[in-house]
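The values are calculated or read from the model by the stated rules, or taken from the named source; none is laboratory data. Treat the numbers as computed from the prediction; the structure is a model and nothing was measured. Counting neighbours? That spans all protein chains shown, and the Cβs are built from the backbone with ideal geometry, glycine included. We work out accessible area using only protein heavy atoms, side chains counted, and drop any ligands, DNA or RNA first. Shrake-Rupley method; radii C 1.70, N 1.55, O 1.52, S 1.80 Å.
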Amino acid sequence: MSGPKPEQGPVTERRYGDLPEVDAAEAAADIEPDATVLTSGFGSVGYPKAIPLALAADDRDLSLTVVHSGNVGEEIDVDLVESGAVARRFSYQFSDVARAATNRREIAFGDRHASAIGDEVQYGGLVDPDVAVVEAVAVGEDWFVPSTSLGQVPAFVEAADRLYVELNRRQPLALQALHDVYRPAAPPDRGPIPLSGPGERIGDRYVGFEAEKLAGVVETDRSDSTYTFREPTDDDLAIAANLGSFLAEEMDRSPVFDDAVSLQFGVGSLGNALMGELQELDFGDRDVVYFGELVQDGLFDMLDAGRLACASATSLALTDEGQRRLFDDVERYAEDIVLRPADVANHPGLIDRFGVVGVNSAIEFDIYGNVNSTHVRGSEMINGLGGSGDFNRNALVSVCALPSTLKDGAISRVVPMTFHVDHTEHDVDVFVTEQGVADVRGLAPVERAERIVENCAHPAFRPKLRDYLDDVTARDEHIPHDVERAAEWYE
């Protein structure tokens, strides 16, 4: 059927127009063995499933470059990687399989900031894109409605020569009500993004494209790889309580928060615990809004409890239960939840404009405030940077929150010197562990170290850190280190 354009009203059918229909194997066979493939997907949802599985089963000698703006599901991150078809990828990896292949350097992996990879693909020469493969809930001759995430899909579709759309009937058509697709203009004529508040809508419910790009539509009926969050630990709850106390003091201190508080949390079990704590925090008459990249189950709890005015993100990183909760009542949640492209949801100017308090976790941080989010012992890749850099660098107040130890207390996550730095001491303002809070704003390096050791380090490791700091500060150095001694912490 021809049907209306999406801007003329809600989309009521899955397909509009005379569209080229292919199966996944045909689409995979049409992709060159050394192609650069741009995919949808962010937060393990909204990614294509059938074509990656067909590429994994392809008997050709494939050497693909795969680009996505956030983590994707097992069809890409396990099956396609295990097949040996992926030679290079950007900008996030999540599974044990992808992690191992990255560390063996079987895959050339490059990590990028979530906000910037769309521009880097389209304008920055990062790759030479051939084909985009995206998931949708409805498609027409020159448009499609995305499913459970947006990420950098508008930029990827614009940059690619060809487009395959996986029309996933498992995803509800009602998801269209969540989307606010706005694409910033190309530099150097790019103006400010005209978004005056996190809950405002400035774009469309669909992604447009040049009709001649559409190489085929593949019908699918396959669920996302949803998240599994563990129950909050005692440490998680203690961290959440410490963060709540800090936020209460910050609201009393700063006039920025007199009327509203804008928050962002990194994805994970700790993030959900932090959101639970916020339900108990007295915000007074202030509006509480979420401006981040991922909607987690905990945000639904806050919305249902009337503790959250709105949530703006680029993806629905939900558990099975959370996804069912959303799908059963999409239109009600769409009154308060907006999904945007990552170059809007993670935009540095908007994070600054809304005065966001950004809360992200990490692998470790050192006594001077440098943060390692991605590499164990400075060398072994775990996951990826994601959007943490966007928020740590640009938030009004940047918080790093994590337990002070791991491996049942055997390893300190507060170290003398981290040998891989994702976020420098200039990027993070406050450190929170189950031990306490170290607000290091306005402090010189050694002063920061003293506060971090005393307030955040575990008592089992605090004396050793204190001894290290006492010894190195005997030197006339601005940021004193003993590199060999610091390296012993990783043995």
Do the conditions hold for residue 87, that is, is it open to solvent by 10 Å² or more (accessible area, probe 1.4 Å), in a helix (DSSP H, G or I), under 25 Å from residue 381 (Cα atoms) and in contact with a Leu (Cβ under 7 Å, 6 or more places away or on another chain)? no
Given (1) touching a residue at least 12 places away in the same chain (Cβ under 8 Å); (2) surrounded by 14 or more Cβ atoms within 10 Å (Cβ to Cβ), where does residue 483 come up short, assuming only one miss? (2)
Close pairs from the stretch 195-217: first within 22 Å of residue 46 (Cα to Cα) and among the acidic types (Asp, Glu), partner open to solvent by 50 Å² or more (accessible area, probe 1.4 Å) and at pLDDT below 95, Cβ under 8 Å, at least 6 apart: 204/7
When the stretch 321-336 is checked residue by residue, the ones that are surrounded by fewer than 16 Cβ atoms within 10 Å (Cβ to Cβ) and either closer than 30 Å to residue 117 by Cα or in contact with a His (Cβ under 8 Å, 6 or more places away or on another chain) (or both) are 335
I need the full set of residues from the stretch 445-491 which are of a type in the set (Val, Ile, Thr), out of contact with any Phe, Trp or Tyr (no Cβ under 7 Å at 6 or more places or on another chain) and assigned to a helix (DSSP H, G or I), in order please. 446, 453, 472, 483
Tell me, yes or no, whether the stretch 436-444 has at least one residue that is in contact (Cβ under 8 Å) with a residue 40 or more places away in the chain, part of a loop (DSSP other than H, G, I, E, B) and farther than 17 Å from residue 238 by Cβ. yes
Going by the conditions given, is residue 27 of a type in the set (A, V, I, L, M, F, W, C), in a helix (DSSP H, G or I) and either open to solvent by 40 Å² or more (accessible area, probe 1.4 Å) or out of contact with any strand residue (DSSP E or B) (no Cβ under 8 Å at 6 or more places or on another chain) (or both)? no
Single residue of the stretch 260-293 satisfying the filter (of a type in the set (Ser, Thr, Tyr) and out of contact with any Leu (no Cβ under 6 Å at 6 or more places or on another chain)) that is surrounded by the fewest Cβ atoms within 10 Å (Cβ to Cβ): 269
Filtering the stretch 131-186 for residues that are in contact with a Lys or Arg (Cβ under 8 Å, 6 or more places away or on another chain), open to solvent by less than 10 Å² (accessible area, probe 1.4 Å), closer than 22 Å to residue 336 by Cα and in a loop (DSSP other than H, G, I, E, B) leaves a count of 2
Quick count over the stretch 405-433, residues being under 22 Å from residue 468 (Cα atoms), touching a residue at least 60 places away in the same chain (Cβ under 8 Å) and in a loop (DSSP other than H, G, I, E, B), is 3
Any idea which of (1) open to solvent by 40 Å² or more (accessible area, probe 1.4 Å); (2) modelled with pLDDT of 95 or more; (3) closer than 19 Å to residue 218 by Cα; (4) of a type outside the set (Asp, Glu) is the one residue 40 doesn't satisfy? (1)
What's the number of the only condition in (1) open to solvent by 30 Å² or more (accessible area, probe 1.4 Å); (2) touching a Leu at 6+ places or on another chain (Cβ under 9 Å); (3) among the acidic types (Asp, Glu); (4) part of a loop (DSSP other than H, G, I, E, B) that residue 189 fails to meet? (2)
Does any residue in the stretch 145-164 that is basic (Lys, Arg) come within less than 8 Å, Cβ to Cβ, of a residue that is buried (at least 24 other Cβ atoms within 10 Å of the Cβ) six or more places away or on a different chain, and which pairs are these? 162/132
What is the one condition in (1) over 18 Å from residue 215 (Cβ atoms); (2) without any contact (Cβ under 8 Å) to a residue 40 or more places away in the chain; (3) open to solvent by less than 50 Å² (accessible area, probe 1.4 Å); (4) in contact with a Ser or Thr (Cβ under 9 Å, 6 or more places away or on another chain) that residue 58 does not satisfy? (1)
For the stretch 294-312, does any single residue satisfy the condition of being in contact with a Cys (Cβ under 8 Å, 6 or more places away or on another chain), open to solvent by 10 Å² or more (accessible area, probe 1.4 Å) and in a strand (DSSP E or B)? no
Within the stretch 92-115, does at least one residue satisfy the condition of being of a type in the set (A, V, I, L, M, F, W, C), closer than 24 Å to residue 213 by Cα and surrounded by fewer than 24 Cβ atoms within 10 Å (Cβ to Cβ)? no
Options 350, 318, 339: the member that is crowded, with 19+ Cβ neighbours inside 10 Å, of a type in the set (A, V, I, L, M, F, W, C) and modelled with pLDDT under 95: 318
Going through the stretch 353-371 in order, the residues found to be closer than 15 Å to residue 427 by Cβ and assigned to a loop (DSSP other than H, G, I, E, B) are 356, 361, 362, 368, 369, 370
Return the pairs, sorted by first residue and then second, in which the second residue is in a loop (DSSP other than H, G, I, E, B) and of a type in the set (Ser, Thr, Tyr), the first residue lies in the stretch 232-259 and is under 13 Å from residue 277 (Cα atoms) and open to solvent by 10 Å² or more (accessible area, probe 1.4 Å), the beta carbons are less than 6 Å apart, and the residues are 6+ apart or on different chains. none
Run residue 369 past the list (1) open to solvent by 30 Å² or more (accessible area, probe 1.4 Å); (2) over 30 Å from residue 95 (Cβ atoms) and report the number of the one that doesn't hold. (1)
